[in-house]
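The values are calculated or read from the model by the stated rules, or taken from the named source; none is laboratory data. As the structure is a computational prediction, the values presented were derived from the model and not from experiment. Using ideal geometry, Cβ is built from the backbone for each residue, glycine included, and neighbour counts are taken over all protein chains shown. These area figures cover heavy atoms from the full protein model, side chains too; ligands, DNA and RNA do not enter into them. Shrake-Rupley method; radii C 1.70, N 1.55, O 1.52, S 1.80 Å.
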Amino acid sequence: MSGAVTETTLRAAPQTEAVEYARRLAARTMRTWALMEREELVTAIVAELVANAVRHAGTALELRLQRGAGRIRVEVRDRASQMPRLTVPGPLDESHRGLFIVDRFSTAWGAEPVTGGKVVWAEVAL
């Protein structure tokens with residue numbers, strides 16, 4: 001792709017349906033970009049980051065998928081200032097798995113404060 005970035009975006013209300021819309025967009029985007037081998041990883045990351053934004057931020061959110069040189073970047077922006085924390089779930093924990101999954105499936109991830117909220121991002125190597 002010679003360094004070109006391809007991008008797609010979804011804006012959603014903080015409702016549980018946003019997770020399914022985001023998953024579908026991610027799957028469709030991976031197919032469009034002929035990256036089916038990364039579809040499962042990317043859709044899992046998207047689902048967890050969007051679910052976290054819905055559950056913890058409770059604000060309008062924006063999902064951005066970017067294809068760059070050697071990577072896919074997933075960004076979820078919300079309007080809450082509280083930064084996410086990675087916790088390692090116990091074997092019987094039914095919650096607190098979101099960022100643990102993101103951490104395991106991504107090459108790198110993080111969160112950055114931005115004007116009016118934050119962006120939580122993860123990258124998957126190509």
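Remind me, relative contact order of the chain in percent, using alpha carbon pairs under 8 angstrom and six or more residues apart?
Details: 242 pairs, mean separation 32.9, N = 126.
Computed value for the chain: 26 percent relative contact order.
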Distance between region 16-32 and region 71-126 - C-alpha centres, whole angstrom: 17 Å
Solvent exposure of the chain as accessible area per residue, Å², 1.4 Å probe: 56 Å²
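Kindly provide the helix-only [θ] at 222 nm of the chain, computed as the sum of -39,500 (n - 2.57) over DSSP H runs of four or more divided by all residues, to the nearest 500 deg cm²/dmol? Let's see the in-between values first.
Numbers: 3 runs with 41 residues, N = 126.
So the calculated ellipticity at 222 nm is -10500 deg cm²/dmol.
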Surrounding net charge for A12, when Lys and Arg each add one and Asp and Glu each subtract one, Cβ distance under 14 Å: +2
Whole-number percent relative contact order across region 15-60, with pairs defined as alpha carbons under 8 Å at least 6 apart: 48 percent
Whole-percent carbon and sulfur share, accessible surface of the chain, 1.4 Å: 49 percent
Heavy atoms of W121: accessible area, 1.4 Å probe, square angstrom to 10: 40 Å²
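By the scheme Lys and Arg +1, Asp and Glu -1, what is the net charge of all other residues having a beta-carbon under 9 Å from that of G117?
Details: positive: R77, R79, K118; negative: D78.
Around G117, the charge tally is +2.
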